[in-house]
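Step one of this worksheet: look at the structure below.
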Amino acid sequence: MRFLTMIAAAGIALAASVTPAKADVVSVGTNSFHIRHTVPLVVPAERAYTLLTEPRRWWNGEHSYSLNADNFSLDLRPGGCFCERWDGNFVEHMRVVAVTPGESIILEGGLGPLRAAGASGVLVWSLENTGTGSQLVMDFKVTGFVANDAEQWSAAVDYVIGEQAMRFRERAAQLPRR
């Protein structure tokens, strides 16, 4: 419940914030939405990928059940878990469905309170080298809102994913450039 409240608050905060980098609510329907965040990085994709595989280093713990990102893990194998474990509790946020080392990770499932809303989706984290470093794209397609309230959820989820993309960018900027 605490996480659901945080998601709602994030949606409100979105209205008062400036969206960093390139953010796009690609589409919104009554029971689905598609969001995409693209952020430039100062490091090559290979370095960024290593960081991407460790969400505890860049995910905001305020957007977790335990309020501590150190409790996140990502098991990069077919069916692997993007999980959170603490004090005998656990949450499977998403499941790994595809990995292309150095390039992309594809996850399926529902982040946080999306599960309780009857929704799940596909989250693609992809990296591509550019002339000045690389870029990260976080692309999230979510469907299954049985209450037909996807539009209400889209702004809050867009805010949370956008925040993670920017935190990733900040952490990547601290990595060696070569």
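Throughout, read-outs are computed from the coordinates displayed, never taken from laboratory work. Computed from a predicted structure; not experimentally measured. Note: ideal-geometry Cβ built from the backbone for every residue, glycine included; neighbour counts use all protein chains shown.
General observations
- Overall, the anisotropy analysis places region 52-150 in the oblate class: the square-rooted eigenvalues a ≥ b ≥ c of its C-alpha gyration tensor yield a/c not less than 1.5, with a/b not exceeding b/c.
- Label of the coordinate-derived value, mean projected area of the Cα convex hull in nm², listed as (1) 20.1; (2) 12.3; (3) 9.8: (3)
- Packing here is the average count of other Cβ atoms within 10 Å per residue, and on that basis the peptides 31-38, 128-135, highest first, run 31-38, 128-135.
- When +1 charges are put on Lys and Arg Cβ atoms and -1 charges on Asp and Glu Cβ atoms, the dipole computed for the chain relative to its Cα centre reaches about 380 debye.
- In the chain, the longest principal axis of the Cα atoms and the axis of helix 2-16 are about 70 degrees apart.
- A cut-off under 13 angstrom between Cβ atoms defines the neighbours of LEU175, and their net charge, with Lys, Arg +1 and Asp, Glu -1, is +3.
- Per-residue HN-Hα couplings for region 75-81 [Karplus 6.51, -1.76, 1.60; θ = phi - 60°; Hz; x = Gly/Pro]: 9, 7, 8, x, x, x, 9
- Neighbourhood net charge (15 Å Cβ-Cβ; Lys/Arg +1, Asp/Glu -1) for PHE33: -3
- Charge tally around LEU127: other residues with Cβ under 10 Å, Lys/Arg +1 each, Asp/Glu -1 each, net -2.
- Only helices enter this figure: runs of n ≥ 4 DSSP H residues, each worth -39500 (n - 2.57), summed and divided by the residues of the chain, yield -8500 deg cm²/dmol at 222 nm to the nearest 500.
- Over the chain, relative contact order from alpha-carbon pairs under 8 Å, at least 6 apart, %: 31
- For region 85-91, Karplus couplings with θ = phi - 60° (6.51, -1.76, 1.60), whole Hz, Gly/Pro x: 10, 6, 6, x, 9, 7, 9
- Karplus (6.51, -1.76, 1.60) ³J(HN,Hα), θ = phi - 60°, over region 124-130, in Hz, Gly and Pro reported as x: 10, 9, 10, 10, 8, 5, 10
- Under 5 Å between amide hydrogens, built in the peptide plane, is the criterion, and for PHE82 it picks out ASP75, HIS93, MET94, ARG95, VAL96 among residues at least 5 positions away or on other chains.
- As a rough guide to protection, the peptides 168-175, 84-91 ranked by mean Cβ packing within 10 Å, highest first, stand as 168-175, 84-91.
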